[in-house]
Amino acid sequence: MMNKIKLSVYLFVTTLSLLSVESQASSVSEEVTRFIQNNLADNAKRNFMWLTGDKKQVSSQILHHPYYKIRAPYWQAKNANRSRSAKTLWVMEEIGKEKLITIGVVIEQQKIQAVRILKFRESRGWEVELPSFTKQFEGSQLDDSKQLNQSVDGISGATLSVRAVTNIARLALYLQTTLPNP
Amino acid sequence: MPALFKKHTARQFHRLLAYTVAFLLFWLSLSGVLLNHTEDLKLNDVKIQQPWLLEWYQINTPKIQQAFQLKADWVIQTPQALYWNKTPLPFQGNIRALVSNDSFLFILLSNKLILLTNTGDFIERIPLPEALQSQNVTDPSNLDFFTQQNHVILAAKNSQAWQISEDFTQLIPIQTDAQASWIKLTIINSQAAPEDIQKQLMNSFDSPLTLEKIILELHNGYFFGKVGPWLVDLASLLFILMVLSGIRLHLKK
């Protein structure tokens, strides 16, 4: 199957700094585990969404560059109907200015239920971790132009971090729409 | 009357100064004009790639340490980064072993195993178990890669083995009893990279050195280090002396 994947080359040349970034190991970190426990049943199951074909193209448009991995993990309760309307938790990473920010997004009925910053590695822009900022995403949906239908206030001095969190929220909402709908 | 104030001597002195400072004056004027219009001329957007200039500014350029050929593609290791052809990969380290099968590429670093698709897309970073992290075990001569029914297995010479989990997120210890049915994967050796790969890397290098910085530092002298500004000061002094000798000649006409 993988042989059929048509992949374009990453355009990360201007983000060479990313190379020095060590993101979380692939085993689930403590922050992510706690986030899953707080938002889903203990028996949540991890799946992976492969960002190939249209998904890769659209995610590149949303982030303005390809997602740095070819797949994104998401969790659903084991007994959930596994449809796109089921409660789903996405954990993705995006660079703020220089380092990856690990962001958790909970979506249900195509609406954002919660956004949390699970790991902030930048030296500036930490204000995006504040509940007063992340609460703005609650209830947001994706409009036809793949923008959030609710405005998100910027934070002075944290423009790039705000952009990273907003784009990951948009990406999670988009990927949710691509889940199978039995 | 001092010799310098005699008309003939003053003319010779003036001419000598003029020849000396003419080029400097020309350069300072030209660079000054260029710097005044740096935004219009987009001098800051012109990235300098010349190796000797980058070396002069002590900027590390991609120098190939190891290169692995995979059919038409290359995995390149430089001190700063790893590359898939000329595209930087989102991790770095010293490649200890590199193996590929029909679908995937496995890069063994000192403390992690990297999985890429065979088209260079990053899939996962799998942390190595402690037993695999020691220098001896991750040495290519002490470690082999095998495949068995679509599973990839890492086996150390000390009879320890791990299988990559189905979701590619961890290495699971396994027994080596069934080793007879394992098929060994060939470890790809590093080789000399062709010149065009080095050129490609340099072309894709996002140089922090711009034409504006070079012109600015040639203008103020800092291009030549700490002595540079003193040289510019000396040129300015010679220019002042030339003006004074010119005034002297004018007054005595």
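The values are calculated or read from the model by the stated rules, or taken from the named source; none is laboratory data. Only a predicted model underlies this, so the values are computations on that prediction, with no experimental measurement involved. Backbone-built Cβ (ideal geometry, glycine too); neighbour counts: all protein chains shown. Just the protein is used for accessible areas: all its heavy atoms, side chains included, with ligands, DNA and RNA removed. Shrake-Rupley method; radii C 1.70, N 1.55, O 1.52, S 1.80 Å.
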- [ ] Scan segment B:133-157 for residues that are away from every other protein chain (no Cβ under 14 Å) and farther than 18 Å from B:Ile183 by Cα and jot them down.
- [x] B:Ser134, B:Gln135, B:Asn136, B:Val137, B:Thr138, B:Asp139
TODO: Determine the pairs where a residue that is facing chain A (nearest Cβ under 10 Å), located within segment B:201-215, has a partner that is hydroxyl-bearing (Ser, Thr, Tyr) with Cβ atoms under 8 Å apart, the partner being 6 or more residues away or on another chain.
DONE: B:Ser204/B:Thr87; B:Phe205/B:Thr61; B:Asp206/A:Thr14
Task: B:Leu132 vs. criteria in the same structural domain as B:Ser159 (by TED's automatic domain parsing) and touching a residue at least 24 places away in the same chain (Cβ under 8 Å) - done: yes
Open item on the list: Taking the criterion of being open to solvent by 50 Å² or more (accessible area, probe 1.4 Å), in contact (Cβ under 8 Å) with a residue 24 or more places away in the chain and more than 15 Å from A:Ser161 (Cα to Cα), would at least one residue in segment A:114-121 satisfy it?
Closed with: no
- [ ] Give segment A:141-182 a look and list any residue that's among the charged types (D, E, K, R) and open to solvent by less than 40 Å² (accessible area, probe 1.4 Å), or say none.
- [x] A:Arg170
Task: Members of segment A:54-79 that are farther than 24 Å from A:Leu40 by Cβ, in a loop (DSSP other than H, G, I, E, B) and open to solvent by 20 Å² or more (accessible area, probe 1.4 Å) - done: A:His64, A:His65
Open item on the list: Condition first: over 30 Å from A:Ala72 (Cα atoms) and buried (at least 17 other Cβ atoms within 10 Å of the Cβ). Now tell me which residues in segment B:136-159 satisfy that.
Closed with: B:Val137, B:Leu143, B:Ala156
Task: Failed condition for B:Asn111, given (1) open to solvent by less than 50 Å² (accessible area, probe 1.4 Å); (2) in contact (Cβ under 8 Å) with a residue 12 or more places away in the chain - done: (1)
TODO: Determine which single condition A:Ile103 fails, assuming it passes every other condition in (1) modelled with pLDDT under 95; (2) under 22 Å from A:Tyr74 (Cβ atoms); (3) outside any helix (DSSP H, G or I).
DONE: (1)
Task: Number of the condition not met by A:Leu118 [criteria: (1) under 12 Å from the mean Cα position of the chain (by Cα); (2) part of a helix (DSSP H, G or I)] - done: (2)
Task: Test: B:Ala131 is in contact with a helix residue (DSSP H, G or I) (Cβ under 8 Å, 6 or more places away or on another chain), among the aliphatic types (A, V, I, L, M) and assigned to a helix (DSSP H, G or I) - done: yes
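Listed here are the residues, each with its yes/no results for (1) over 21 Å from B:Thr117 (Cα atoms); (2) modelled with pLDDT of 85 or more; (3) aliphatic (A, V, I, L, M).
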residue: A:Leu19; (1), (2), (3): no, no, yes
residue: A:Val32; (1), (2), (3): yes, yes, yes
residue: A:Ile36; (1), (2), (3): yes, yes, yes
residue: A:Asn47; (1), (2), (3): no, yes, no
- [ ] Would you be able to tell me the number of residues in segment A:125-140 that are in a loop (DSSP other than H, G, I, E, B) and exposed (fewer than 14 other Cβ atoms within 10 Å of the Cβ)?
- [x] 3
